[in-house]
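Comments concern the structure below.
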Amino acid sequence: MDTIFALASAQGKAGVAVVRISGPDAHRVAGMLCQSRLPKRGMCLKTLVNKSREVLDQALILTFQGPASFTGEDIAELQLHGSIAIVTSVLQTLSDIEGVRLALPGEFTRRAMENGKMNLAQVEGLADLIDAETEAQRCQAQRLLDGALGDAAERWRLKLIRAAGLIEATIDFADEDVPVDVTPEVDALLASVCADLEQELAGVVIAERIRCGFEVAIVGPPNVGKSTLLNTLAGREAAITSEFEGTTRDVIEVRMDLAGLPVTLLDTAGIRETSDFVEGKGIDLAKSRAEKADIRVFLVEEARDLDIPMQEGDIHVRPKLDTRVDKHGAVSGLTGDGVDELIERIAAVLTQRTGSAGIATRERHRNAMRDALISLKAGRRILENGPDFYDVAAEELRGAIRALESLVGRIDVENLLDEIFSSFCLGK
């Protein structure tokens, strides 16, 4: 396997930059830069030079010996001063060494998976951890990276292997008197796995929301302060505000961290009857986005005044608290009064929903678990027909096992790998 290298820290000027080298010649290549032999495992401070023996930098070099490394191969990491010029010179010097090449996006992580250091679900967890913007996203990604989904899949797999083994044993001894009826134990094993899969499938939607973000739509008639409220929530002038009705024609989106959860606030066009074609398009879009949002904040005197039905978890607040005598249940984007209470209400609804989130976070996970569940339910129905149909039930169990193995990347995922790893930066 080739020896590869890449900048493992962020691009641009920094205090420290890290260049990672991995592969069978990693230690030798790093030694060429400092003109000395490096330990198989350890750290040392060395002066790096190019092929003309010009000094590039003084670097701390960390060496790891495979398989006890991130990729499972020999690794050398160069901790450089974070000058763009230094990083460029070091990368150019490495590229001039024969048999060494620049890593492809995600290639370090791909090698880690291929060398058994992590499964595919953990790889996805690492990608999510790198992209995490909120505490909830970090915690969810960390669980996936720690192997929670892989551990669950392995527990389910072992139960199904046990069940399949019992059925196969009965088939093998079909011509003999088998004193023990294995059906109750097999059915109990399948029922246990089915229950776990159904629970996880129920939590995938919320888990996906945590990963990708919730949407909260602010809806109401024109000129009630929706854009002003959005700007106050966002802490910046994200939407144009004016005293004229119908100023907002498109949906304005602002992404923010709300109580540790990723939330996209939507400012929508004021909902009313209009003969203006462009405004009408904006109102249709507002209704469509509002219906698909996770929460709708009705900024209106009475929620029933809008042609949008309230759903469970939606919030109704009255507008322009600063102009009211009766301030109960009102909010003012202009002065900020009532905004903290509104944020608390939104956060409470979302936090309650996240309590049902599972450890599976992606559509791929959902599909694999759904396929396994379909096979298991079919297998349980077939078991009811007696030992004469055990061979058919065993095939359904094998299908469920294959689905769970695809969940962690053991089989049938080659077509996904290029897409998954292409989302990583070069240094991962």
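The values are calculated or read from the model by the stated rules, or taken from the named source; none is laboratory data. What you are looking at is a predicted structure, and each value in this text was computed from that prediction instead of being measured. Methodologically, a virtual Cβ is constructed for each residue, glycine included, from the backbone with ideal geometry; neighbour enumeration extends over all protein chains shown.
Give Gly338, Gly260 a once-over and let me know the one that is under 27 Å from Thr134 (Cα atoms), modelled with pLDDT of 80 or more and touching an Asp or Glu at 6+ places or on another chain (Cβ under 8 Å).
On the way: Gly338 fails: touching an Asp or Glu at 6+ places or on another chain (Cβ under 8 Å).
So the residue among Gly338, Gly260 that is under 27 Å from Thr134 (Cα atoms), modelled with pLDDT of 80 or more and touching an Asp or Glu at 6+ places or on another chain (Cβ under 8 Å) is Gly260.
Of these, Ile374, Ile346, which one is part of a helix (DSSP H, G or I), closer than 30 Å to Thr228 by Cα and β-branched (Val, Ile, Thr)?
Going through Ile374, Ile346 in turn, just one is part of a helix (DSSP H, G or I), closer than 30 Å to Thr228 by Cα and β-branched (Val, Ile, Thr): Ile346.
Out of (1) within 29 Å of Glu114 (Cα to Cα); (2) surrounded by fewer than 12 Cβ atoms within 10 Å (Cβ to Cβ), the odd one out for Phe70 is which?
Result: Phe70 fails condition (2) only.
For His81, all conditions in the list (1) within 30 Å of Gly399 (Cα to Cα); (2) surrounded by fewer than 19 Cβ atoms within 10 Å (Cβ to Cβ); (3) not small (Gly, Ala, Ser) hold save one; what is the number of the exception?
Result: His81 passes all but (1).
For the range 75-106, name all the residues that are over 17 Å from Thr47 (Cβ atoms) and of a type in the set (Asp, Glu).
Hits for the range 75-106 are Asp96, Glu98.
Find the residue count for the range 179-217, including only residues that are in contact (Cβ under 8 Å) with a residue 60 or more places away in the chain, of a type in the set (D, E, K, R) and under 30 Å from Lys292 (Cα atoms).
Going through the range 179-217, the residues in contact (Cβ under 8 Å) with a residue 60 or more places away in the chain turn out to be 183, 186-187, 190-191, 193-194, 197-204, 206-211, 214-217.
Imposing the further condition that a residue be of a type in the set (D, E, K, R) reduces the set to 187, 198, 200, 208-209, 211, 215.
Keeping just the survivors that are under 30 Å from Lys292 (Cα atoms) gives 198, 200, 208-209, 211, 215.
Number satisfying all stated conditions: 6.
Within the range 349-363, can you find the residues that are in contact with a helix residue (DSSP H, G or I) (Cβ under 7 Å, 6 or more places away or on another chain) and assigned to a helix (DSSP H, G or I)? Lay out the reasoning, then the answer.
Looking only at the range 349-363, we keep the residues that are in contact with a helix residue (DSSP H, G or I) (Cβ under 7 Å, 6 or more places away or on another chain), and these are 353-354, 356-362.
The answer is Arg353, Thr354.
Please find, among Arg345, Arg324, the residue that is of a type in the set (Lys, Arg) and free of Cβ contacts under 8 Å to residues at least 24 places away in the same chain.
None of the other options fit; the residue is Arg324.
Would it be correct to say that Gln35 is of a type in the set (S, T, N, Q), surrounded by fewer than 15 Cβ atoms within 10 Å (Cβ to Cβ) and on the phi > 0 side of the Ramachandran plot? Even if it seems obvious, please write down each step before you answer.
On the way: of a type in the set (S, T, N, Q): yes; surrounded by fewer than 15 Cβ atoms within 10 Å (Cβ to Cβ): yes; on the phi > 0 side of the Ramachandran plot: yes.
Criteria met by Gln35.
Name every residue in the range 357-385 that is touching a residue at least 60 places away in the same chain (Cβ under 8 Å) and more than 29 Å from Leu145 (Cβ to Cβ), in order of residue number.
Of everything in the range 357-385, those that are touching a residue at least 60 places away in the same chain (Cβ under 8 Å) and more than 29 Å from Leu145 (Cβ to Cβ) turn out to be Lys377, Gly379, Arg380, Leu383.
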